[in-house]
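Peer 1: I'd like to ask some things about the structure below.
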Amino acid sequence: MNKKALTLTVVANMTSNYGEGLGNISSVQKVFKNGKSYATRSRESLKNAIMVQSGMYDDLQTVVDKKVNQKVVSDKLNATNCRALEGGYMNTIGNTYIRKSSFYLTDAIACDDFVNETRFHNNLHLASNYAKNNNLNLQADAGKCGLMPYQYEFDKTMKMYSLTIDLDMIGKDENFDTPEADAKEKADRVIAILDAVENLNLVVKGNLDNAEPLFVVGGLTDRKTHYFENVVKVKEDKLLITEDLKDRIGKGCSVALLEGGNFKNEVEIKSELPLISVTKFFEDLRKQINTYFEV
């Protein structure tokens with residue numbers, strides 16, 4: 001089989017993005033399907049977090065042209081020698097250059113429908129400090145002191161997302177006549193993305209959010225698609241174990257579970273699927289990627 005892509009589907013506990021706010025009220029982003037609302041974290045947010053935490057954005061250069069911020073791209077700086085451009089770009093300064101991303105993400109959508117949990121806060125300590133230093137009465141001069149209560153919807157639930165990397169595109173840029181990256185650099189880029197997924201964390205409303213995989217399935221395949229997206233389903237903290245899921249795992253892919261009671265049917269999962277640990281899952285993928293690029 002000619003392997004062309006690396007695909008993963010991940011279930012993780014993570015918070016959602018925040019969408020439009022109304023005054024001092026923030027609402028999480030949601031999608032509507034099957035007659036219900038589901039909290040989400042957008043693919044753009046996930047991609048940015050992965051690019052930052054993987055170090056892929058360490059060599060990012062940007063420029064503002066006509067009030068538009070763009071990635072710097074040229075015959076001397078492109079996807080062959082700049083990791084930050086591996087995620088794709090469009091540069092319209094002079095000639096327009098477009099390169100698609102070599103990896104794709106889906107939105108992370110909650111496994112169960114949204115249940116609103118509202119949190120209430122205020123900046124009382126800051127306002128009290130200002131009142132004290134400016135001889136104001138906090139109750140009488142709340143506005144002058146900047147006292148402001150605020151509230152936001154909170155959601156941290158199991159969400160599922162998929163990631164697929166087009167291995168044929170890594171380290172190449174057809175817009176420029178520049179030699180492609182060497183094999184080790186290609187492997188290092190893919191492994192950097194895997195490292196970020198394995199240890200993913202997100203900062204939301206000033207809080208650190210551990211978004212590491214609780215369940216992950218995937219591997220190298222001949223199909224450049226989210227191969228497991230339609231067969232991984234979780235309902236009420238139970239993973240649905242179907243024949244389709246088993247069949248796809250049996251075609252050269254692996255599956256891992258982070259033990260500890262995250263799923264209510266953990267015993268069933270362990271008995272029905274050929275599980276390995278999450279750590280071993282990613283270690284094996286790193287070895288497969290080095291073998292693929294002959295490093």
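Each reported figure results from applying straightforward, stated rules to the coordinates on display, with no laboratory input. Since this is a predicted model, take the numbers as computed values, not measurements. Counting neighbours? That spans all protein chains shown, and the Cβs are built from the backbone with ideal geometry, glycine included.
Peer 1: Which order do the peptides 105-111, 157-163, 168-174 take when ranked by the mean count of other beta-carbon atoms within 10 Å per residue, highest first?
Peer 2: 157-163, 105-111, 168-174
Peer 1: Among Gln29, Leu258, Phe215, pick out the residue whose Cα is farthest towards the positive end of the charge dipole of the chain, where Lys and Arg carry +1 and Asp and Glu carry -1 on C-beta, about the Cα centre.
Peer 2: Gln29
Peer 1: State, as an integer percentage, the relative contact order of the chain based on alpha-carbon contacts under 8 Å between residues 6 or more apart.
Peer 2: Numbers: 544 pairs, mean separation 76.8, N = 295.
With pairs under 8 Å counted, the relative contact order is 26 percent.
Peer 1: So for segment 58-119, taking the charge dipole from beta-carbon charges (+1 Lys/Arg, -1 Asp/Glu), which of Gly88, Val63, Asn116 sits furthest toward the positive end?
Peer 2: Of Gly88, Val63, Asn116, it is Val63.
Peer 1: Would you mind ranking Ile193, Ile276 by Cβ crowding within 10 Å, fewest neighbours first?
Peer 2: If I rank by nearby Cβ atoms, fewest first, I get Ile276, Ile193.
Peer 1: Specify the residue with the greatest mean-square fluctuation among Leu285, Leu124, Leu60, computed from a Gaussian network of the chain linking alpha-carbon atoms under 10 Å apart.
Peer 2: Leu124
Peer 1: Which cross-chain or sequence-distant (5 or more) residues have an amide H under 5 Å from the amide H of Phe215, H modelled 1.01 Å from N in plane?
Peer 2: Under 5 Å from the amide H of Phe215: Val11, Leu258.
Peer 1: Compute the Cα gyration tensor for segment 149-247, then decide on rounded, prolate or oblate, letting a ≥ b ≥ c be the square roots of its eigenvalues: rounded whenever a/c is under 1.5, prolate when a/b is larger than b/c in the other cases, and oblate in all that remain.
Peer 2: Numbers: a/c = 2.73, a/b = 1.37, b/c = 1.99.
Oblate shape, in that a/c is at least 1.5 and b/c is the bigger or equal ratio.
Peer 1: Provide His121, His226 in ascending order of the number of other Cβ atoms located within 10 Å of each residue's Cβ, fewest first.
Peer 2: Going from sparsest to densest Cβ surroundings: His121, His226.
Peer 1: Which far-off residues, 5 or more places away or on another chain, put their amide H under 5 Å from the one on Val28, with H placed in the peptide plane?
Peer 2: HN-HN under 5 Å from Val28: Gly19, Glu153.
Peer 1: While we're here: So how strong a dipole does the chain carry about its Cα centre when Lys and Arg Cβ are +1 and Asp and Glu Cβ are -1, to the nearest 20 debye?
Peer 2: Working: 38 positive and 41 negative charges, 109 e Å.
My answer is approximately 520 debye.
Peer 1: Match the structure shown to one of the listed values (1) 134; (2) 180; (3) 167 of volume of the Cα convex hull per residue in Å³, computed from it, and give that label.
Peer 2: (2)
Peer 1: Could you derive backbone 3J(HN,Hα) for segment 237-253 from the dihedral phi with the Karplus parameters 6.51, -1.76 and 1.60 (θ = phi - 60°), listing whole Hz in sequence and x where the residue is Gly or Pro?
Peer 2: 6, 10, 7, 7, 9, 10, 5, 5, 4, 5, 4, 6, 4, x, 9, x, 10
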